[in-house]
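Novice: Sharing a structure below in structure tokens format, with a few things to ask.
Read the figures in this text as sums done on the coordinates, not as results from a lab. For clarity, every value in this text was computed on a predicted model and none was experimentally measured. FYI the Cβ positions are ideal-geometry reconstructions off the backbone, even for glycines, and counts take in every protein chain you see.
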Amino acid sequence: MRLVQSFAFAAVLLLSSALSAAAQSARQDIEAALVKFMDAFNSGNAAAVGKMYTDDAALLPPDGKRIDGRKGVEEFWQGAIKAGMKNLTLKALEVDGSGNLAYEVGAFTLGVPSKSGDPSTVAGKYIVIWKKGDDGTWRLHRDIWNLGAAR
């Protein structure tokens, strides 16, 4: 009986370590993707931003209608870039997941043009559901955000 308990305990430890390593890997991959997202957005490359989303992605912008599909997502971000939004920063506060799905809770700042023409910075929070593709790449699947302090 003691041997069975020891084996079960060892199996739980191994599974826990494997799940922890997978979550850590997802976090590292997602944080690296955030850097690519910021670089693409801040350089005005909406096409590159769009490619970071799944084919059936959905954006849920504040006070706006849902936007479906990679093409719609790209057009949304192109509009934001053309409107003068820039200097996007993203910071993952939480990342967790299992298998091919992960979620990220984060904070952002974004430079936006004001009515006077002077740049203004807004801050907010977001949740993204990430989906890992067959190619092993994590892509944004659902993306929702709003303005206000993250904590």
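Novice: Taking θ as phi - 60°, what are the ³J(HN,Hα) couplings along segment 99-114 by the Karplus curve (6.51, -1.76, 1.60), each to the nearest whole Hz, with x for Gly and Pro?
Specialist: Here the 3J(HN,Hα) series is x, 9, 10, 9, 10, 10, 10, x, 10, 9, 10, 8, x, 10, x, 9 Hz.
Novice: With a point put 7 Å past each Cα toward its Cβ, work out how far D39 is from T109 in nm, to one decimal.
Specialist: That separation, rounded to one decimal, is 2.1 nm.
Novice: Which whole-Hz ³J(HN,Hα) couplings does segment 130-138 yield from phi under the Karplus relation 6.51 cos²θ - 1.76 cosθ + 1.60, θ = phi - 60°, glycine and proline marked x?
Specialist: 9, 10, 8, x, 4, 7, x, 8, 7
Novice: Segment 79-120: which trypsin sites (Lys or Arg not before Pro) are DSSP loop and have at most 14 other beta-carbon atoms within 10 angstrom?
Specialist: For trypsin sites (Lys or Arg not before Pro) across segment 79-120 that sit outside H, G, I, E and B with at most 14 neighbouring Cβ atoms in 10 Å, the list reads K115.
Novice: Additional query: Using 13 Å as the cut-off for backbone N distance, which residues of segment 136-151 belong to the label zone defined by a point 7 Å from the Cα of N100 along Cα→Cβ?
Specialist: 136-139
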